[in-house]
Amino acid sequence: MQPGEGDFRAFSAFCPHRGCMVKSIGDSAIRCPCHGSSFDLADGSVLGGPATTGLIPKPLQIRQGRIEIPADE
């Protein structure tokens, strides 16, 4: 995600409510299609339930102009 120019963030693609994959971004929110939870684009926190916890942040690195997100171990 890029909440602002030059500011990049990465989060788990899975909603903490039931593990559905989040699929859309709009109006500064990341949305889960399964039950309607929404998360803040800037920090992954919950904007609307039923999820009660935010998306898990993922580390990222910018190398030679490319964004890299390490694979989960």
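So in the range 15-38, with the set limited to residues that are under 26 Å from residue 71 (Cβ atoms) and part of a strand (DSSP E or B), which one is least open to solvent (accessible area, probe 1.4 Å)? Show your work before the answer.
Applying the first criterion (under 26 Å from residue 71 (Cβ atoms)) to the range 15-38 yields 15-25, 30-34, 37.
Narrowing further to those that are part of a strand (DSSP E or B): 21, 24-25, 30-31.
On the way: 21: 90, 24: 55, 25: 102, 30: 5, 31: 92 Å².
Selected residue: 30.
When you go through (1) surrounded by 12 or more Cβ atoms within 10 Å (Cβ to Cβ); (2) modelled with pLDDT of 95 or more one by one for residue 12, which number turns out not to apply?
The one condition residue 12 does not meet is (2).
Within the range 39-49, is even one residue touching a strand residue (DSSP E or B) at 6+ places or on another chain (Cβ under 6 Å), hydrophobic (A, V, I, L, M, F, W, C), within 20 Å of residue 67 (Cα to Cα) and not in a loop (DSSP other than H, G, I, E, B)?
No, that holds for no residue.
Pick out the one residue from 27, 7, 40 that is on the phi > 0 side of the Ramachandran plot and either touching a residue at least 40 places away in the same chain (Cβ under 8 Å) or of a type in the set (Asp, Glu) (or both).
27
Considering only residues that are open to solvent by 80 Å² or more (accessible area, probe 1.4 Å) and more than 20 Å from residue 21 (Cβ to Cβ), which ones fall in the range 62-72?
Result: 62, 63, 64, 66.
For the subset of the range 50-61 comprising residues that are among the polar types (S, T, N, Q) and not in a strand (DSSP E or B), which member is least open to solvent (accessible area, probe 1.4 Å)?
53
The values are calculated or read from the model by the stated rules, or taken from the named source; none is laboratory data. Model, not experiment: these values are computed from the prediction. Positions of Cβ are generated from backbone atoms using ideal geometry, with glycine treated the same way; all protein chains shown enter the neighbour counts. Note: areas computed on protein heavy atoms with side chains; ligands, DNA, RNA excluded. Shrake-Rupley method; radii C 1.70, N 1.55, O 1.52, S 1.80 Å.
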